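This report refers to the structure that appears directly beneath it.
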Amino acid sequence: SIGDSSHSITACYTDSMRENDIAQRALQIEAVEALANGEFVAYYQPKVAIETGEIVGLEALVRWIAPKRGMRSPADFVSLFERNGFITEIDFEMFDQACAFIRARIDENRTIVPIACNFSRLHLLDDRFPNTLKTIVDAHRVPVDMLELELTESIVMEDLSRAEAMCQRLSDLGFRIAIDDFGSGYSSLGALQNLPVDILKIDQSFLLSSSSNGSRSKTILEGIIDIAERLGTEIVVEGIETLEHAQVIEAMDPRSIAQGYLYSRPVPQSTVSELLDHGSIEPQPET
Ligand code: C2E
Ligand code: MG
Ligand code: MG
Ligand code: MG
């Protein structure tokens, strides 16, 4: 019946759902134009050798910079664009910008380091994915091994055999493969057996629990680093914010690579270019 309370609750609920739906559709329409207008911009965060502060790589992280609205971060749009598929276009755009950046530095006779780009789970379903990447790299005349492809642990574990086959094809083309957010979900070291993984990126949650929860999680992290080391897999620890974090990791393995606010936030290309010219970064705790 019309007046009963359960009905109005339902009506309320659907109204807000509908509003949300409309807002999301509006955002999507805006995004298509924004992509064409160059509003999706790669910011870069350095990865540094923990012992020396030398910059050994960069990660490209998308920012949506709209003239009127200002800057939006991935948290504001990545999950929506993953649901409707648009994220794949953004991924290729970031990859293209990263290749163009490397090309520009080669042309200017400046040092280059590998750049890591993030890729959504949706690419795993696309047979043309490896060739599309190769086409972009070749168009910029950039060495393939200057690009790293980051796939999150959860994507890989979701469909391990598909992930293995895709990673093998990518690896055969010469791309470096990184497993992102390792240790954030149900990580399985066993899964690494058949994956051609070059880099493991240890999730920040792992770092935080080993610096605060003491010895058990620390032992697990040490074990992971030790196994990766023996497999010849590079270790990057994400989310290094304090000197204490850096010390904990350096004590575990001085060959570790660190990424985090202690060294630099993600910054625009012009800023990271200056950092690259300098070559290394002093750790600087934020206040
Ligand atoms: P991610 O790939 O794990 O990237 C690391 C995130 O941690 C970045 O957030 C980075 O700014 C942040 N971070 C770096 N250092 C620190 C630190 O010391 N402390 C803390 N608390 N955070 C730190 P961001 O840029 O907001 O990106 C969030 C996520 O969005 C990324 O996580 C990645 O999963 C996704 N993403 C970003 N760009 C792209 C893209 O181009 N394509 C796809 N598919 N996903 C992207
Ligand atoms: Mg990443
Ligand atoms: Mg990560
Ligand atoms: Mg992360």
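If only Cα atoms are counted, what is the Rg of the chain, and what is its Dmax, in Å?
In order Rg, Dmax, the Cα atoms of the chain give 20.8, 76 Å.
Only sites in a loop by DSSP and with at most 14 other Cβ atoms within 10 Å count here; which trypsin sites (Lys or Arg not before Pro) in region 123-182 make the cut?
Counting only loop positions with at most 14 other Cβ atoms within 10 Å, the trypsin sites (Lys or Arg not before Pro) in region 123-182 are Arg128, Arg141.
What FRET efficiency comes out for the pair Glu19/Gln247, r = Cβ-Cβ distance, R0 = 45 Å, nearest 0.05?
About 0.40, to the nearest 0.05.
Based on the mean of other beta carbon atoms within 10 Å per residue, what is the order of 67-79, 28-40, most packed first?
My ranking of the peptides, most packed first, is 28-40, 67-79.
Which trypsin sites (Lys or Arg not before Pro) in region 206-287 sit in a loop by DSSP (not H, G, I, E or B) and have at most 11 other Cβ atoms within 10 Å of their own Cβ?
Of the trypsin sites (Lys or Arg not before Pro), not one in the loops of region 206-287 has a Cβ with at most 11 other Cβ atoms within 10 Å.
If you count only protein heavy atoms with a 1.4 Å probe, what accessible area per residue comes out for region 180-287, rounded to a whole Å²?
Each residue of region 180-287 exposes 51 Å² on average to a 1.4 Å probe.
Among 233-239, 205-211, what's the highest-first ranking by average C-beta atoms within 10 angstrom per residue?
Answer by packing, highest mean first, reads 233-239, 205-211.
What spacing in nm lies between the two simple spin-label points modelled at Ala139 and Asn194, each 7 Å away from Cα in the Cβ direction?
With each label point 7 Å from Cα toward Cβ, the separation is 3.4 nm.
Calculate, for Arg216 and Thr287, the FRET efficiency according to 1/(1 + (r/R0)^6) with r their C-beta to C-beta distance and R0 25 Å; round to the nearest 0.05. Write out the running numbers ahead of the final one.
Details: r = 32 Å, r/R0 = 1.26.
Once rounded, the FRET efficiency stands at 0.20.
Return the loop-located GluC sites (Glu not before Pro) in region 88-163 (DSSP other than H, G, I, E, B) with at most 12 other Cβ atoms within 10 Å of their own Cβ; answer none if there are none.
Sites meeting the loop and neighbour criteria: Glu108.
Just to verify a number: FRET efficiency for Ala165 and Arg128, C-beta to C-beta distance, R0 = 22 Å, to 0.05?
With R0 = 22 Å, the Cβ-Cβ based efficiency is 0.95.
Keeping the other protein chains in place, figure out the carbon and sulfur percent of the accessible area of region 1-134, with a 1.4 Å probe.
Exposed carbon and sulfur together represent 54 percent of the surface.
Enumerate the residues in region 157-174 having an amide nitrogen under 18 Å from the point lying 7 Å beyond the Cα of Glu82 toward its Cβ.
Residues 157-160, 163 qualify, since their backbone N sits under 18 Å from the label point.
Hey, which lysines would be in cross-link range of Lys134, C-alpha to C-alpha under 25 Å, not counting anything within fewer than 8 residues on its own chain?
Those lysines meeting the cut-off are Lys47, Lys201.
The values are calculated or read from the model by the stated rules, or taken from the named source; none is laboratory data. Owing to the predicted nature of the structure, the values given are computational and were not obtained by experimental measurement. Ideal geometry is used to build each Cβ from the backbone, glycine not excepted, and the neighbour counts take in all protein chains shown. Quick note on the areas: whole protein, heavy atoms, side chains included, nothing else; ligands and nucleic acids left out. Shrake-Rupley method; radii C 1.70, N 1.55, O 1.52, S 1.80 Å.
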